[in-house]
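Working notes, structure below.
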Amino acid sequence: MPDSIHFYEPRDGHRLPHNPFNAIVGPRPIGWISSRSSSGVLNLAPYSFFNAFNYVPPIVGFASIGYKDTVRNIVETGEFAWNLVTRPLAEAMNQTCAPVPFETDEFALAGLTPIDSRIISVPRVAESPVSFECRRTQIVQLETVSGEQVPTWLVLGEVVGVHIAQSLLKNGVYDTAAAEHVLRGGGPADYFSVDAAQHFLMTRPE
């Protein structure tokens, strides 16, 4: 047992230089979400609250703190794509964080190439080796324990198409380390990457 514990109630503040919550629940995969407005404006934005929630059918989701362009687009069209952020794409991903006007095309801003999806009308990031084509299933505004609405929206979508670069399939098994996933750490500027040095095997008990 640790000999001393820093305890706080979030409603009273954490009393630390930086909120530790994001860093503790992490590192997390980045929700690099491409979407298109009903008028055709492309949007590409990274979300640090992202994960997978179901196998069959595959369902992924991300939370948007604030009703941002991405949420508005998905409400309008019902579609979005998730694009894997890899180490070579980290700087481009960071460029798509910029607070720019609604009509700004973040693909062009970050020097990325939109490429047509197979099923949905939203383009993927051509430079990303893995993408999911998704159709909206639910959008939920979060609430506190007392029922007060929080200005954060959870967007869930069913994955209806998966794109994987053949180079990442080793004997038919996806090689996470070779893809060099970038993960959000939660500190002021903390990110992590995955490589073979962190890999270990552990089978489930039968």
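Among the conditions (1) out of contact with any helix residue (DSSP H, G or I) (no Cβ under 6 Å at 6 or more places or on another chain); (2) over 22 Å from Tyr191 (Cβ atoms), the only one that Gly66 does not satisfy is (2). Within segment 65-92, the residues that satisfy the criterion of being closer than 14 Å to Asn43 by Cα, of a type in the set (S, T, N, Q) and within 13 Å of the chain's Cα centre (by Cα) are Thr70, Asn83.
Here segment 15-45 is the region considered, the condition is being touching a helix residue (DSSP H, G or I) at 6+ places or on another chain (Cβ under 6 Å) and in a loop (DSSP other than H, G, I, E, B), and the residue that is surrounded by the most Cβ atoms within 10 Å (Cβ to Cβ) is Ser37. Checking each residue of segment 183-199 against the condition of being surrounded by fewer than 10 Cβ atoms within 10 Å (Cβ to Cβ) and in a strand (DSSP E or B) gives no match. Looking only at segment 3-14, decide whether some residue is among the polar types (S, T, N, Q), at negative phi and either in a strand (DSSP E or B) or surrounded by 11 or more Cβ atoms within 10 Å (Cβ to Cβ) (or both). Looking through segment 3-14, none of the residues is among the polar types (S, T, N, Q), at negative phi and either in a strand (DSSP E or B) or surrounded by 11 or more Cβ atoms within 10 Å (Cβ to Cβ) (or both).
Checked against (1) farther than 20 Å from Ile120 by Cα; (2) surrounded by fewer than 17 Cβ atoms within 10 Å (Cβ to Cβ); (3) at pLDDT 95 or above; (4) in contact with an Asp or Glu (Cβ under 6 Å, 6 or more places away or on another chain), Pro57 passes all but a single condition, namely (1). The lone criterion from (1) in a strand (DSSP E or B); (2) touching a residue at least 24 places away in the same chain (Cβ under 8 Å) left unmet by Gln141 is number (2).
Condition first: closer than 16 Å to Phe49 by Cβ and in contact with a helix residue (DSSP H, G or I) (Cβ under 6 Å, 6 or more places away or on another chain). Now tell me which residues in segment 128-154 satisfy that. Of everything in segment 128-154, just one residue is closer than 16 Å to Phe49 by Cβ and in contact with a helix residue (DSSP H, G or I) (Cβ under 6 Å, 6 or more places away or on another chain), namely Trp153.
The values are calculated or read from the model by the stated rules, or taken from the named source; none is laboratory data. If you're wondering where the values come from, they're calculated on a predicted model, not measured in any experiment. Positions of Cβ are generated from backbone atoms using ideal geometry, with glycine treated the same way; all protein chains shown enter the neighbour counts.
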